[in-house]
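See structure below.
The values are calculated or read from the model by the stated rules, or taken from the named source; none is laboratory data. The structure displayed is predicted, hence computed values, not measured ones. Note that each Cβ is placed from the backbone with ideal geometry, even for glycine, and that neighbours are counted across all protein chains shown.
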Amino acid sequence: MVGISAAEALARLVDGNNRFVADLNAGDSESASARRYRLVAEQRPIAIVIGCSDARVPAEIIFDQGLGELFVIRVAGNVIAPSQIGSVEFAAERFGSPLVVVLGHTHCGAVEATLEELARPSEQRSPNLRAIVDRIRPAVETLLETEMRDDAARLMRRAVRANIRASVGHLRHGSQILERLIDAGRLEVVGAEYSLDTGKVEFLDPIGKA
């Protein structure tokens, strides 16, 4: 089991992202082959990351974490479906990872597609793609009822964050297993946004906010 707290895990991610932005790395002296061999028998990831499938947002790289450090689940739009919840439950219970990060990013194509669908509904969309759009829709559709509907850039920024927060809420309150771990102080779930422009990750919630 992982022997660090959620706050310590978060600090390691913040430090790693700072190194990434500064074009530095941790300089781990352990060889890749030695680490692979050590991890054959077990893994102890310090954090679980649910991120977008976007090729520009690989969690291990932007947090400067090595092999075995992160349990990463990637899906377009960082949406939460039963398979994602089950994956988080598995890692949290099996490995004792104390932190879950829902990692969205600026200029998210899945969020943009959802806004386009709300503005101009299409009958041609694949039912599989529609399933992703339909999971993002509740988090962003109310934004179109505000003055932001006339400011595309502002609307997009707010929609990305609204989608991240919705996914965080689904994890915090959509699983009895995760709720039990959270109530016991063994798990924290936070949202974060990665900037494609700067490489910086901004965490949207402090540790301990449920």
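Before moving on, here are some points about what is shown:
- Exactly one residue out of 133, 140, 160, 168 is in a helix (DSSP H, G or I), crowded, with 19+ Cβ neighbours inside 10 Å and touching a His at 6+ places or on another chain (Cβ under 9 Å), and it is 160.
- The one condition from (1) in contact with a Leu (Cβ under 6 Å, 6 or more places away or on another chain); (2) modelled with pLDDT of 95 or more; (3) not in a helix (DSSP H, G or I) that residue 60 does not meet is (3).
- Residue count for the range 85-103, restricted to those that are surrounded by fewer than 21 Cβ atoms within 10 Å (Cβ to Cβ) and within 14 Å of the chain's Cα centre (by Cα): 2
- Enumeration of residues in the range 167-192 that are of a type in the set (A, V, I, L, M, F, W, C) and free of Cβ contacts under 8 Å to residues at least 60 places away in the same chain: 182, 184
- Scanning the range 110-138 for residues that are without any contact (Cβ under 8 Å) to a residue 40 or more places away in the chain and over 17 Å from residue 75 (Cα atoms) yields 116, 117, 118, 119, 120, 121, 122, 123, 124, 125, 138.
- The set of residues in the range 78-110 that are within 15 Å of residue 168 (Cβ to Cβ) and in a helix (DSSP H, G or I) comprises 78, 84, 85, 88, 92.
- Residue within the range 24-47 that is part of a helix (DSSP H, G or I), within 30 Å of residue 135 (Cβ to Cβ) and at pLDDT 95 or above present: no
- Any hit, the range 106-119, residues being within 15 Å of the chain's Cα centre (by Cα), closer than 21 Å to residue 155 by Cα and polar (S, T, N, Q): yes
- The range 186-210, residues that are over 18 Å from residue 105 (Cα atoms) and either modelled with pLDDT of 95 or more or part of a strand (DSSP E or B) (or both): 186, 187, 188
- Sub-8 Å Cβ pairs linking a first residue in the range 74-92 that is in contact (Cβ under 8 Å) with a residue 12 or more places away in the chain to a second residue that is among the acidic types (Asp, Glu) and surrounded by 14 or more Cβ atoms within 10 Å (Cβ to Cβ), at least 6 apart or interchain, are 76/54, ordered by first then second residue.
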